[in-house]
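Report on the structure given below.
The values are calculated or read from the model by the stated rules, or taken from the named source; none is laboratory data. Nothing here was measured: the structure is a model prediction, and the numbers come from that model. All Cβ positions, glycine included, derive from the backbone under ideal geometry; neighbour counts span all protein chains shown. Ligands, DNA and RNA are excluded from the accessible area calculation, which covers all protein heavy atoms including side chains. Shrake-Rupley method; radii C 1.70, N 1.55, O 1.52, S 1.80 Å.
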Amino acid sequence: IISDIYQVDYYKNTFLQYVFNTDSKIYVIDRNGEPVDKFPLLVSSGITNGMLVVDYDSTRDYRYFVASKDGSIYGFQKDGTLLEGWSPKSGVGNIRFPIQHFNKENKDYLTALNDAGEMFFFKRNGEIRMDSIQFKEVFNSTFGVDLTEPQRIVTTNQRGKAFVLNFRRKVFKLGMNVGENKNMQFLFSDVLNNPRKDYIVLGQQELGIF
C-alpha cells in the first residue's frame, strides 16, 4: 500500500468501505476484507503516487485520482469507470506525491507537482484551472496549501529554501536554515494552534519550525 487508506460509504448505507492503492492497483474492500464490485482496478502503466479520493459535494459520489508511470493522471468514477476529461490527462510528467484538492472561492483546484518542479492546476472536469508554475527545483516532500489570508501554496526544496506561491502567480522565497540544509523534508502545518500554518523543516539530524 503506497497511499493513505480512505474510509468511504460506497453504497450510501452508512456501512464503510476502505479505498487505497498499490503501485499497480486501486482497491475498494468491505469491512470483511472482500473486494467491492469490479475492484481491484488495474492501472496497467503502473502508479507512482498515493491516490486522492474526493467527494466534491458530500454526495458520496467519490472520485479517485492517481498518477502513472506513463506521465499521465488518471481519474475514475466511484465504480472504477474512467472520468471524462481524465482518461487520461497526459503530459504531466512523473508525479510522486498525492494530487491535492482544495476549493477556493467556490472553484475546485486539483493540483499536482512533478519531479521536474512543475505544478499543475486543473478543474474537476480536467480542464486547466490556471497555467502551470515552473519552480525548476527538486522537492523531497509535497506542497502545502493555506487558504487563510494571505492565501498561498508552499513547498521547500532539498536545500531548505521555501517557495511561496500566491494566487496572483507570484513566487517569493524564504530560507529555512536547519543544520547543513541537505536532503530537507518539509511539512506545512499548524503548530501554534492559530489560523495560519507554520513551516516545519527536517534536516539530517535537526528539526526547525518557523
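Tally time: how many residues in the range 95-135 are more than 19 Å from residue 146 (Cα to Cα) and of a type in the set (A, V, I, L, M, F, W, C)?
3
Please determine whether any residue of the range 94-105 is open to solvent by 40 Å² or more (accessible area, probe 1.4 Å), farther than 26 Å from residue 18 by Cα and within 14 Å of the chain's Cα centre (by Cα). Show your work before the answer.
Going residue by residue through the range 94-105, those that are open to solvent by 40 Å² or more (accessible area, probe 1.4 Å) are 94, 96, 98, 100-101, 103, 105.
From the residues that got through so far, the ones that are farther than 26 Å from residue 18 by Cα too are 94, 105.
Subset that is within 14 Å of the chain's Cα centre (by Cα): 94.
Yes, that holds for at least one residue.
Name the residues in the range 181-190 that are over 11 Å from residue 207 (Cβ atoms) and open to solvent by 60 Å² or more (accessible area, probe 1.4 Å), would you?
182, 183, 190
Please go through the range 138-180 and give me each residue that is open to solvent by 30 Å² or more (accessible area, probe 1.4 Å) and in contact with a Lys or Arg (Cβ under 8 Å, 6 or more places away or on another chain), ordered by number. Walk me through how you get there before you give the answer.
Within the range 138-180, the subset open to solvent by 30 Å² or more (accessible area, probe 1.4 Å) is 138, 140, 142, 147-151, 158-159, 161, 167-175, 177, 179-180.
147, 148, 151, 158, 159, 161, 167, 173, 174, 175 - these are the residues of the range 138-180 that are open to solvent by 30 Å² or more (accessible area, probe 1.4 Å) and in contact with a Lys or Arg (Cβ under 8 Å, 6 or more places away or on another chain).
Exactly one of these conditions fails for residue 21: (1) open to solvent by 40 Å² or more (accessible area, probe 1.4 Å); (2) more than 25 Å from residue 157 (Cβ to Cβ). Give me its number.
Answer for residue 21: the failing condition is (1).
I need the strands (runs of 3 or more DSSP E) fully contained in the range 138-182, keeping only those with at least 1 residues that are hydroxyl-bearing (Ser, Thr, Tyr).
On the way: elements: 144-146, 152-156, 161-165, 171-175.
Hits in the range 138-182: 152-156.
In this structure, does residue 130 turn out to be assigned to a strand (DSSP E or B), within 30 Å of residue 76 (Cβ to Cβ) and over 16 Å from the mean Cα position of the chain (by Cα)? Let's see the steps before the verdict.
On the way: assigned to a strand (DSSP E or B): yes; within 30 Å of residue 76 (Cβ to Cβ): yes; over 16 Å from the mean Cα position of the chain (by Cα): yes.
Criteria met by residue 130.
List the number of the failed condition for residue 56; all other conditions in (1) touching a residue at least 12 places away in the same chain (Cβ under 8 Å); (2) of a type in the set (Ser, Thr, Tyr); (3) over 15 Å from residue 124 (Cα atoms); (4) surrounded by fewer than 19 Cβ atoms within 10 Å (Cβ to Cβ) hold.
(3) is the only condition that residue 56 fails.
Looking only at the range 77-93, count every residue that is without any contact (Cβ under 8 Å) to a residue 60 or more places away in the chain, surrounded by 13 or more Cβ atoms within 10 Å (Cβ to Cβ) and in a loop (DSSP other than H, G, I, E, B) and tell me the total.
Of the residues in that region, 9 qualify.
Could you list, in sequence order, the residues of the range 27-53 that are surrounded by fewer than 19 Cβ atoms within 10 Å (Cβ to Cβ) and either under 19 Å from the mean Cα position of the chain (by Cα) or hydroxyl-bearing (Ser, Thr, Tyr) (or both)?
Taking the range 27-53 as the starting set, the residues that turn out to be surrounded by fewer than 19 Cβ atoms within 10 Å (Cβ to Cβ) are 29-35, 37-40, 42, 44-46.
Correct list: 44, 45, 46.
Tell me which residues, restricted to the range 183-202, are touching a residue at least 12 places away in the same chain (Cβ under 8 Å) and assigned to a loop (DSSP other than H, G, I, E, B).
Going residue by residue through the range 183-202, those that are touching a residue at least 12 places away in the same chain (Cβ under 8 Å) are 183-189, 191, 195-202.
Scanning the range 183-202 gives 183, 184, 191, 195, 196, 197.
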